[in-house]
Every structure is written in structure tokens, then in C-alpha cells.
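Worksheet: the structure to be examined is printed underneath.
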Amino acid sequence: MSLLHTFLPEHQFSEQHHIRVNAAPGRVLDVVSQLDVSDFPLARLFLHLRAIPARIAAAMGKPSARRIDAGFGLHDFTVLGRDGDREFALGLVGRFWESDGGLVHVEASPFRTFSEPDIAKLVMTFVAESDGTGTLLTTRTCVHCSGTAARRHFTPYWVLIRIPSGLIRRMMLHRIKQAAEAHDAPLPRPE
């Protein structure tokens, strides 16, 4: 059973991207597990734009508990697990459509069964499949909304962020490819 199915057996929204990498699946997933997107200029721009509603709310005297800014990244996700050299999964829970992102911290062990009204759960997986001379790396992002209200709120948000989010995931795939194919280079280490 895949990690995606283990942690998010049902979902209403999904998108995937893939790239071919001239490296072994294990090396590719090692790079994935240490990826940092904070230095992607386009990602910083999208996150800056994403933070505008929270800044407006704060200027109007409605400070939020958490503001999404350029520091938002994969470190905000929960590492759900790794299945050997085949799959790596990350999760995120929240009311993403809220101006502050509405993130709720949930550890890996209760992630699958975590349930709260009007909430969305997101799982992003990286699947590395050997194709004989390298690896086909696929990233898939799936979202499950806990009820009608969450789905009603999340749908326009998904429409708005799907293209920029997809661009960021494609940039991630290219960065993974570059790092994994640099055989003599050490793996990037998170700071």
C-alpha cells in the first residue's frame, strides 16, 4: 500500500508532475528528504503574494496567530514517512484558505485519523520508480476536505493557487534532478 493511500485514503483534489532523473531511486529520495525551497525566487514571490491578506488584516487591527511569509516552506509540513527507495510523504493540515493559512500542527502518527470540522488535509508524495537506467520521479499532491463547508472554502483557493503551486513543484523536481545527478556533490543539508 502506498504512503499516499495510508495517510489519505480519500481525496477530492489532486495534481501530479514527474521528471526523469539519471540517478538511483534511493539517491533521488535522499535529495527529496533534504530539499529546501526557501531559496526559490518564484516561490518567495508567490508566498509574498499569499501573505497580502494577512498583512491587510494586521493593518486593520486584526492580527492573526500566524502569518504566512517567505519563511513558509517544506519545514511546515509533517514528515509522514519513507518507504525505502520507493516513496517519501509529507503532510499538512489546515484551513489553507484563511488569510493566515490556518495551519494545524499534526504529528505523523495521528495524521491519518485526525479529524476536525471544516479542515483540509494535504499529502504530498514523491515516488521514485527505477526505469532501468535511472529514476522516474513523480510528485503528487492530494487534498481531502473534511466536509461540505471545507470543500466550499477550499475549491476557490485551489483554483487560485493550483498554477503557482504546480510551478513550485516543477521547480522542486528540477532542483532534485540537479542535486541527484551531481554524483560527486554531497547532499544538501537542511540548516
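Looking at segment 106-184, the accessible area is 51 square angstrom per residue; that uses a 1.4 Å probe and ignores ligands, DNA and RNA.
Ligands, DNA and RNA aside, Thr78 has an accessible area near 20 Å² when probed at 1.4 Å.
Between the amide H of Leu80 and those of Ala89, Leu90, Gly91, distances stay under 5 Å, these residues lying 5 or more places away or on another chain, with hydrogens modeled in the peptide plane. By accessible area, using a 1.4 Å probe on protein heavy atoms only, segment 96-146 has 51% of its surface on carbon and sulfur. I want the local charge near Phe154. Using Cβ-Cβ distances under 13 Å, sum +1 for each Lys or Arg and -1 for each Asp or Glu among the other residues. Combined, the nearby Lys, Arg, Asp and Glu give +3.
The values are calculated or read from the model by the stated rules, or taken from the named source; none is laboratory data. Quantities reported herein were computed from a predicted structural model and do not represent experimental measurements. Cβ: placed from backbone, ideal geometry, glycine included. Neighbour counts: every protein chain shown. The accessibility values were calculated without ligands, DNA or RNA, using every heavy atom of the protein model including side chains. Shrake-Rupley method; radii C 1.70, N 1.55, O 1.52, S 1.80 Å.
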